[in-house]
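Before any comments, here is the structure.
The values are calculated or read from the model by the stated rules, or taken from the named source; none is laboratory data. All values derive from a computational prediction rather than experimental measurement. Here the Cβ is made from the backbone with ideal geometry for all residues, glycine too, and neighbour counts use every protein chain on show. Ligands, DNA and RNA are excluded from the accessible area calculation, which covers all protein heavy atoms including side chains. Shrake-Rupley method; radii C 1.70, N 1.55, O 1.52, S 1.80 Å.
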Amino acid sequence: METVISFIIIFGALVFFHELGHFLFAKRAGILVREFAIGMGPKILAITKGETLYTIRLLPIGGYVRMAGEDLDRIVIQAGHRIGVLLNDEGQAQKIILNQKTMYPDIMFLEVEEADLEKALYIKGYDEEDQFVRLEVARNAVIEENGTETVLAPFDRQFDSKSLGHRFMTIFAGPLFNFILAFFIFTAIGLLQGVPTNEPVIAEVTDDSPAQEAGMQAGDLVTEVEGKTITTWNDLVESVQDEAGTPLDFRVDRDGEPIEFTITPELLEQEQGNIGVIGVLYNSPTEKDFFGSFAYGAEQTVFWFKEIFRLLGMLVTGQFTIDALSGPVGIYKTTEQVAQYGIFTLMSWAGMLSINLGIMNLLPLPALDGGRLMFFVLEALRGKPVDRQKEGMVHFVGIMLLMLLMIVVTWNDIQKFFF
């Protein structure tokens, strides 16, 4: 149950902040947002506030912000349609009923001759007395069809009507907010747990290691290697990792007294490359530092950003296979393992996942945010948008391929963790 709760909280936070980025920048650009959804599939909870429907859906595999003007959003009234209209105090069409099952006392019926519900905002047609009328349509009019009401979206409130810069930032804001979330998670860890000092203090000396044979002990503070001043654990690692088989002079501080050793690093073979080690372990002490916590948050965000890009490069160059990828099942099982090490480790895992989600969404693949941004770049280079039908077909093919990839990855996860 703890794993389920942890997974729901982490997944919910990552998706919420991603979609919140899209939502806030869409609102700032003046785009009408029809729905803000966490999850996919059937609705579990739905609340309408203002012109936006906020929903939580059953399947925890994503989320979306549905903006006016996107595919399948446009409402078109054809000539010959018979509609019902309710007028406001200014004589404008405030509600347009596309079927006649719902009756209102003051309803006006029209047989449509011509209508524009996006730019000019009018309806022309003949009333029940066969009189020709032209009605202005209110900008906040509501369209009712089969009991479902949809707020009218004039063209200037649709996604496609906005400048290239506004559209670019509305899409880019999703991954951007994932990076911002990661920064705040790592900063919170620094504020609550303390900032690692990264001092080169030996936490443990392993048995039968070069360090133990030379006399190094837990608690020793390494100050010099081969005359080079050591101030951080990273300095110590860099001083020995390329020196396997080479005797090195160490100076340490033990209870305020300087002690010197000569240690020969031994070779450690690993998949990422062979390195020299002396057989010591590290457990960084922490200190409370308010401003240092923000620096720590930035450092960790940049570190994981680079690390995920490095791993992505290994995947592209064939150093990893598709079997190394994980989907929702793999993330759930890893969350189960990480949760055993405490809240701060779980928070760090959430920060890394948030950066991973942001980077994956920025890949220039159809149906992802990066794919849409790629079309915006093409639009900037060409001086005009790519044909909507062609772009839509590319994204459709991309969605199908991503779904296939998700099925393969999920099956691999099931095989890996359950069989």
**Sole residue being closer than 17 Å to Met406 by Cα, touching an Asp or Glu at 6+ places or on another chain (Cβ under 7 Å) and either of a type in the set (Phe, Trp, Tyr) or assigned to a helix (DSSP H, G or I) (or both), chosen from Asn361, Asn356** = Asn361
**Request:** Return the only residue of Arg167, Arg139 being closer than 18 Å to Gly30 by Cβ and touching a Pro at 6+ places or on another chain (Cβ under 6 Å).
**Result:** Arg139
**Message:** Residue pairs, Cβ under 7 Å, 6 or more apart or interchain, first in the range 54-76 and surrounded by fewer than 16 Cβ atoms within 10 Å (Cβ to Cβ), second part of a loop (DSSP other than H, G, I, E, B). List them.
**Reply:** Ile75/Leu117
**Request:** Return the only residue of Gly371, Gly392 being at negative phi, at pLDDT 85 or above and among the small types (Gly, Ala, Ser).
**Result:** Gly371
**Asked** Any idea which residue in the range 141-188 is modelled with the lowest pLDDT, counting only those that are farther than 20 Å from Glu118 by Cβ and of a type in the set (Gly, Ala, Ser)?
**Response** Gly147
**Failed criterion for Ala173 (all others in (1) under 24 Å from the mean Cα position of the chain (by Cα); (2) open to solvent by 20 Å² or more (accessible area, probe 1.4 Å); (3) of a type in the set (A, V, I, L, M); (4) over 16 Å from Phe303 (Cα atoms) hold)** = (2)
**Asked** Could you count how many residues in the range 215-226 are open to solvent by less than 60 Å² (accessible area, probe 1.4 Å) and over 19 Å from Pro196 (Cα atoms)?
**Response** 3
**Message:** Can you pull out every residue in the range 288-319 that is open to solvent by 100 Å² or more (accessible area, probe 1.4 Å) and not in a helix (DSSP H, G or I)?
**Reply:** Lys288, Gln319
**Request:** Check Ser6 against each of (1) in contact (Cβ under 8 Å) with a residue 60 or more places away in the chain; (2) closer than 30 Å to Gln340 by Cβ; (3) within 17 Å of the chain's Cα centre (by Cα) and name the one condition it does not meet.
**Result:** (3)
**Prompt:** Does Ala203 fit the bill of being in contact (Cβ under 8 Å) with a residue 60 or more places away in the chain, under 16 Å from Pro285 (Cβ atoms) and open to solvent by 10 Å² or more (accessible area, probe 1.4 Å)?
**Reply:** yes
**Request:** Taking Lys306 as the residue in question, decide whether it is farther than 23 Å from Glu204 by Cβ, in contact (Cβ under 8 Å) with a residue 24 or more places away in the chain and of a type in the set (Lys, Arg).
**Result:** no
**Prompt:** On the given criteria, is Lys416 closer than 17 Å to Gly330 by Cα and of a type outside the set (Gly, Ala, Ser)?
**Reply:** yes
**Asked** Take the residues of the range 77-97 that are of a type outside the set (Lys, Arg) and under 40 Å from the mean Cα position of the chain (by Cα): which is surrounded by the most Cβ atoms within 10 Å (Cβ to Cβ)?
**Response** Ile96
**Request:** Answer with yes or no whether Lys119 is within 43 Å of the chain's Cα centre (by Cα), basic (Lys, Arg) and farther than 30 Å from His18 by Cα.
**Result:** yes
**Item:** Matching residues in the range 179-200 - criterion: being open to solvent by less than 10 Å² (accessible area, probe 1.4 Å) and within 16 Å of Val237 (Cα to Cα)
**Value:** Pro200
**Prompt:** Tell me, which residue of the range 233-264 that is open to solvent by 40 Å² or more (accessible area, probe 1.4 Å) and of a type in the set (S, T, N, Q) is modelled with the lowest pLDDT?
**Reply:** Asn234
**Message:** Just the residues that are without any contact (Cβ under 8 Å) to a residue 60 or more places away in the chain and not hydrophobic (A, V, I, L, M, F, W, C), please, taken from the range 389-414.
**Reply:** Gln389, Lys390, Glu391, His395, Gly398
**Message:** Restricting to the range 380-407, name every residue that is open to solvent by less than 80 Å² (accessible area, probe 1.4 Å), within 17 Å of Leu368 (Cβ to Cβ) and in a helix (DSSP H, G or I).
**Reply:** Glu391, Gly392, Val394, His395, Val397, Gly398, Ile399, Leu402, Leu405
**Request:** Could you list, in sequence order, all residues of the range 241-291 that are within 30 Å of Thr187 (Cα to Cα) and among the β-branched types (Val, Ile, Thr)?
**Result:** Val280, Thr286
**Message:** Based on this model, can you work out whether Leu357 counts as under 19 Å from Leu312 (Cα atoms), open to solvent by 30 Å² or more (accessible area, probe 1.4 Å) and at pLDDT 85 or above?
**Reply:** yes
**Message:** What are the pairs with Cβ atoms under 7 angstrom where one residue, in the range 136-149, is open to solvent by less than 30 Å² (accessible area, probe 1.4 Å) and the other, located anywhere, is modelled with pLDDT of 90 or more and of a type in the set (Phe, Trp, Tyr)? Sequence gap at least six, or different chains.
**Reply:** Val137/Tyr122
